[in-house]
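Structure record follows, encoded as structure tokens.
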Protein chains: 2
Amino acid sequence: MQKNPVQCQFVAALDSIVGKWKPIILYHLLQGKPLRFNELRRLLPDITQRMLTLHLRELEEDEIVKRVIYPQIPPKVEYSITEYGRTLAPILESLHQWGKAHVERKQLKKAENEQNETD
Amino acid sequence: MQKNPVQCQFVAALDSIVGKWKPIILYHLLQGKPLRFNELRRLLPDITQRMLTLHLRELEEDEIVKRVIYPQIPPKVEYSITEYGRTLAPILESLHQWGKAHVERKQLKKAENEQNETD
DNA sequence: CTGTATCCCCAGCGATACTG
DNA sequence: CAGTATCGCTGGGGATACAG
């Protein structure tokens, strides 16, 4: 599909972490504790059931997330990060840090501009 | 718009590097040499003029890329990475490495499956 | 050479309802 | 509790033509 290998590699990596809710899902799972479906929903108040399911399935497909079903009534399903998924931790952490600095930077610029307007 | 700060920070970071062609544009500019508009087009054979312009404008807006216009005929415009843009280098590099390993891993799995089918 | 302007399509996501 | 199934919208991106 893509002939350019470098492009391809970026796409492959980004596919695994991009998606409106993927980074934050991974962020929570990387805390270490396995989480149930509804626990994740509570942590992400604005996500729809549909998107949570879809994203988890994709992460499972990439073997970044492991899904364990406890055969009982009512059903219980736990999601946890895999060993392989943990290799994403440093990248997610860097992204998080950079993003934090970036929003602060933008707010600073905005404040400066408003200051200039009142001059 | 987003109340969750962590989500917000991820979004801010990803906005700066996500976009179908942004990572590879940055990859080339991070090599260090300023590049002209058409040089970038040649490096990204499949990008449209429109998308190259749009992505460069967004990167410029975030002060990740600097645009220098040489007032001459025919026009000459050079794009280069900024100091601030360089802070993205380690993240892009990690993404690139991880993506490379990820595609190799997937190809391995695929080969294994095809092996099993012929058993 | 370095762009804009238009038009159009589709994949990602949301809302809502239903189910074992 | 942990999901599917449908339907519909929106915005990111592509194709093409035009312009300073």
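No value in this document is a laboratory result; all are computed from the given coordinates. Just so it is clear, the structure is predicted and the values come from calculations on it, not from any experiment. Backbone-built Cβ (ideal geometry, glycine too); neighbour counts: all protein chains shown.
For label points placed 7 Å from Cα toward Cβ, what is the shortest-first list of nm distances from A:Arg67 to its copies?
Those separations, rounded to one decimal, come out as 4.5 nm.
Partner chain Cβ atoms within 10 Å, averaged over the residues of B:96-108 - can you pull that number for me?
5
How crowded by other chains is A:74-84, given as the mean number of beta carbons from other chains within 10 Å of each beta carbon?
Taking all residues of A:74-84 together, the mean is 0.
Test of the criteria: in segment B:16-119, which GluC sites (Glu not before Pro) are in a DSSP loop and have at most 16 other Cβ atoms within 10 angstrom of their Cβ?
When the GluC sites (Glu not before Pro) of segment B:16-119 are filtered for loop state and at most 16 Cβ neighbours within 10 Å, B:Glu63 remain.
For segment A:1-54, compute Rg over Rh where Rg is the Cα radius of gyration and Rh is the Kirkwood radius from the inverse mean 1/r over Cα pairs.
Result for segment A:1-54 is an Rg/Rh of 1.11.
Which pairs, out of A:Lys22/B:Lys100; A:Lys22/B:Lys20; A:Lys66/A:Lys106; A:Lys100/B:Lys66; A:Lys22/B:Lys33, put more than 27 Å between their alpha-carbon atoms?
Table pairs above 27 Å Cα-Cα are A:Lys66/A:Lys106; A:Lys22/B:Lys33.
Relative to the Cα centre, what is the charge dipole magnitude of the protein assembly as shown, using +1 at the beta carbon of each Lys and Arg, -1 at the beta carbon of each Asp and Glu, and rounding to the nearest 20 debye?
220 debye
May I ask you to report, in nm to one decimal and beginning with the shortest, the distances from A:Leu108 to the same position in the other copies, taking label points 7 Å along Cα-to-Cβ?
4.3
For a quick size check, give me the Cα extents of segment A:10-119 along its three principal axes, largest first, whole Å.
In descending order, the Cα extents are 68, 30, 23 Å.
Of the listed peptides B:26-35, B:5-14, what is their order by residue-averaged count of other C-beta atoms within 10 Å, with the highest listed first?
B:5-14, B:26-35
What are the distances, in nm and sorted shortest first, from the label point of B:Gly19 to the label points of the same position in each other copy, with each label point placed 7 Å from Cα along the Cα-to-Cβ direction?
For B:Gly19, the other copies' label points sit at 2.4 nm, shortest first.
Got a sec? How would A:Val18, A:Val65 order by Cβ neighbour count within 10 Å, fewest to most?
Ascending Cβ contact count within 10 Å gives the list A:Val18, A:Val65.
Please list, in chain and number order, the residues 5+ apart from B:Leu30 or on another chain whose amide H is under 5 Å from its amide H, with Hs placed from the backbone.
The list, which skips near neighbours in sequence, is empty: none.
Return the average number of partner chain Cβ atoms within 10 angstrom of each residue Cβ along peptide B:12-19.
Mean partner-chain Cβ count within 10 Å for B:12-19: 6.
Using helices alone, I'd like the mean residue ellipticity at 222 nm for chain B: each DSSP H run of four-plus residues gives -39500 (n - 2.57), total over residue count, nearest 500.
Helices in chain B give a 222 nm mean residue ellipticity of -19500 deg cm²/dmol.
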